[in-house]
């Protein structure tokens, strides 16, 4: 029998396409199938339309070994999943007389009127099997096609989950290929293309799939390993992670839910250092990011936001003549901000940021996106000149991520000063 | 030309299929297309696989008049959207030599290495058109097929949204049918239940649907009206908006994209006032929120973040004995922070915030969630004691929203001092 490695999910229901709604059944199935070692490779939400749903089922059968539909199995006119299944498979829809009798008897035993439309729930494509629904009236439907499985379950979460556990999981796990384990590795201060070039030959080795993603906090490598069981999958991830860590060295700052501020806090704590910030264009975003971390008061002293130019001397001891000579957005001012706030707060390290976030305020000489970052310690001050692409929010966020990454590296040096 | 009534959305990216992830771009596009009168009839998430993505594109072209893909346009090997498009349309992928030169020049002008793989971003299916990306390096691609449109946009939300507004919306609205008009009305400093009670009898009147939502910045009323054309729909919204505005008075602070910081800036500008901030538990979040607004330097002077208790006297002139007597989280310290930063920066108004964001640091007397906010002007200082529910991030965000709303109201008073 063909093994089940991949699944495609289809949620049927026009209400799920409204703004603000989400496909919670699909979220649950993705998680649950992953634990069975079956990877969800596509998810679709489609409205209550038989022709469109049939089209989606045909595409899903090309994408995955297992197709699971949720929703559209009720008794009313807008429940079209049975009809869509029959169309997609090119088989007629047939009523199951025995099931119809059972359903009628069930209704009558509860004193409810059995309406003709209820009988629609006992239609299925020729050759399909029923999937029992212990919690409701709409049974599920299972069809086999060239070693692949298509299963339709109700959209009511409790019914769907119970039917999955009772009927689908045993079938799927018998034909699955072990377990799937995932891990995210986080990389700071590098461009996506350069990381990709450095690591590309490792992708797919040791049976681990690697996806590379660029976000505001840096680059993320997503590792996924299939194994005979969870332990084997984890060992494959561990082995590849070691190889990647060897190559990346300091560029790797954390994994899974570890954020860049968490990595900064860890580095400062390990080195016994504290930090303070002086921010102009980012105006408190760096201080706010650092203090997202619970317990950050152990290593974050405080900061100043000298947004108006005349406050740079007042709040951060930037000499008036430096602002006048070099301009507020300059290397000299970034250095003076870092050194000034360090002295004033008594922190081990001071960070200074000044730049032009736009949309106004740029010139040929100093364009929008120009940002100067400096980090001052007891013995030296480092400086970087950045030229960011993006709008105001992106320029500010990218400046903060850059400063966090440099701060993490500085704190990890043997002599941070 | 064929009108655009329906759309199918495809989000490309294996990371979006991981448990816990969602397709935020699709949510935004569904909302935005709805306002143009275009109904989203199917949404698919597919991993970074060209063959599967091509299959999904073919199905989407049967389902919708307009197909929008997001993601998979980056420079690396796992960015396969261009290739999938070419496969789905049965056209060869061709490199645009002129675009390649432009991209190379852009990289070189910024002092970055242009790697060969970057050039992949200048491939498109034969006959396709480019969609410019003003915020990033990956351009979008537009293909026409039997009166239907397929458009591929980057997955970075800011880039995607900007490209949609600049290039896709004008095209789509020119070919849409009838019109759906939406408007969001924003309300500050009120609870959802009380707004709902006050306005409930207006819901559904004048043919306008009303949905009420509670967010971090306050309450939002979402109004939606269908009309024969955009003008009719807009007039229905205008009429209901006037009735709502009459009832809410000052509580209504803006509409649509107007954020609370924008409303604060407008009020300060109208009154000719400036502001400065002294933040302890929110640690720069308020200053960062105020400076999200372009041009905020006209009314935001700057701020201090005296996070460590011994910096409250140093950075904001809070008397040492006040911290010692009342504790760092107290009404007295909030008032002293507001007054101190106001004096030190020369701003018209000063805002002070001190509190316990948790998870640690709470006591029976001063529990996690306790926050003191003060606003100082030339003649008086106002104070509020808040007790927030929520985790660290929520407590900080709600404190900032509260301070912004109070600042907006104070600036709107005849005598703000």
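How many Cβ atoms of partner chains, on average, are near each residue of B:58-65 if near means within 10 Å of its Cβ?
5
For the ranges A:90-103, B:290-303, what's the packing order if you count other beta-carbon atoms within 10 Å of each residue, average per peptide, and put the highest first?
Highest-to-lowest ranking by the protection proxy: B:290-303, A:90-103.
On a full-extension model of 0.36 nm per residue, what is the gain between residue B:384 and residue B:232, subtracting their alpha-carbon distance, rounded to one decimal in nm?
So the extension gain works out to 50.3 nm.
Starting from the Cα gyration tensor of the protein assembly as shown, multiply each eigenvalue by 5, take the square root, and state the resulting semi-axes largest first in whole Å.
After scaling each eigenvalue by five and taking roots: 49, 33, 27 Å.
Can you bin the stretch B:284-368 into rounded, prolate or oblate? Criterion: square roots of the alpha carbon gyration tensor eigenvalues sorted a ≥ b ≥ c, rounded for a/c under 1.5, prolate for a/b above b/c, oblate for the rest.
It comes out oblate by the Cα gyration axes.
Just to be sure I understand: of the beta bridges DSSP finds with both ends in chain A, what percent are antiparallel, rounded to 5?
Here the share of antiparallel DSSP bridges comes out near 60 percent.
Under 13 Å from a point 7 Å along the Cα-to-Cβ line of residue B:245: which residues of the stretch B:252-277 have their amide N that close?
Residues B:252-256 fall inside that zone.
Rank by packing, highest mean first: peptides A:234-247, B:75-88, A:59-72, A:384-397, with packing defined as the count of other Cβ atoms within 10 Å averaged across residues.
A:59-72, B:75-88, A:384-397, A:234-247
To test your reading of the geometry: what angle, between 0 and 90 degrees and rounded to tens, separates the Cα axis of helix B:24-35 from the longest principal axis of chain B?
80
Compute the distance in nm between two label points, each set 7 Å from the Cα along the Cα-to-Cβ direction, one at residue A:78 and one at residue B:193.
3.1
Compute the angle between helix B:50-63 and the longest alpha-carbon principal axis of chain B, please, reported from 0 to 90 degrees and rounded to the nearest 10.
Helix B:50-63 sits at roughly 90 degrees to that axis.
If you put a point 7 Å past Cα along the Cβ direction, how far is that point for residue A:385 from the same point in each other copy, in nm, smallest first?
5.4
Taking 7 Å along the Cα-to-C-beta vector as the label spot, tell me the residue B:98-residue A:94 distance in nanometres, rounded to one decimal.
6.2
Suppose R0 equals 35 Å; then what is the FRET efficiency for residue B:51 and residue B:110 from their Cβ-Cβ distance, rounded to the nearest 0.05?
Between residue B:51 and residue B:110 the formula returns 0.45.
From Cα pairs below 8 angstrom and at least 6 apart in sequence, can you work out the relative contact order of chain B, rounded to a whole percent?
Reported relative contact order: 11 percent.
List the distances, in nm and shortest first, from the label point of residue B:258 to the matching label points in every other copy, placing each point 7 Å from Cα along the Cα-to-Cβ direction.
4.6
If you find the alpha carbon centre of the stretch B:166-230 and of the stretch A:8-22, how far apart are they in angstrom?
Between the Cα centres of the stretch B:166-230 and the stretch A:8-22 lies a distance of 21 Å.
Please report the antiparallel percentage of DSSP beta bridges with both residues in the stretch B:260-412, rounded to the nearest 5.
60
Provide a whole-number value for the mean count of partner chain Cβ atoms within 10 Å of the Cβ atoms in peptide A:205-211.
Going residue by residue through A:205-211 and averaging, the value is 2.
Can you tell me the convex hull volume per residue for the stretch A:238-396, based on C-alpha atoms, in Å³ to the nearest whole number?
136
Can you tell me the Rg and Dmax of the stretch A:1-78, counting just the alpha carbons, in angstroms?
When restricted to Cα atoms, the stretch A:1-78 yields Rg and Dmax of 12.8, 41 Å.
Between residue A:174 and residue A:326, what is 0.36 nm times their sequence separation minus the Cα-Cα distance? Round to one decimal in nm.
47.6 nm
Quick one: plug the Kirkwood hydrodynamic radius of the stretch B:179-255 (C-alpha pairs) into Stokes-Einstein at 4 °C, 1.567 mPa s, and report D in µm²/s.
104
Nm distances between the label at residue A:204 and the same-position labels in the remaining copies, 7 Å along Cα→Cβ, shortest first?
So the distances to the same position in the other copies read 5.9 nm.
Please state the equivalent ellipsoid semi-axes for the stretch B:101-204: what are the square roots of 5 times the Cα gyration tensor eigenvalues, largest first, in whole Å?
For the stretch B:101-204, the semi-axes come out at 41, 22, 9 Å.
Per residue of A:277-283, what is the mean number of Cβ atoms on other protein chains within 10 angstrom of that residue's Cβ?
What the average comes to for A:277-283 is 5.
What percentage of all Cα-Cα pairs in the stretch A:164-205 are separated by more than 17 Å?
59
Return the FRET efficiency for the residue pair residue A:35, residue B:211: r is the Cβ-Cβ distance, R0 is 56 Å, and the value is rounded to the nearest 0.05.
After rounding to 0.05, the efficiency reads 0.95.
Against the longest alpha carbon principal axis of chain A, how many degrees, from 0 to 90 and to the nearest 10, is the axis of helix A:230-248 turned?
30
Taking every DSSP beta bridge that has both residues in the protein assembly as shown, what percent is antiparallel when rounded to the nearest 5?
65
Over the stretch B:6-174, what lengths in whole Å, largest first, do the semi-axes of the equivalent ellipsoid take, defined as the square roots of 5 times the eigenvalues of the alpha-carbon gyration tensor?
Those come to 24, 17, 17 Å.
I need the per residue convex hull volume for chain B, using only the alpha carbons, in cubic angstrom as a whole number.
Expressed per residue, the convex hull around the Cα atoms of chain B is 182 Å³.
Read-outs: derived from the displayed coordinates by stated rules, not from any lab. Model, not experiment: these values are computed from the prediction. No Cβ is skipped: glycine too gets one built from the backbone with ideal geometry, and neighbour counts run over all protein chains shown.
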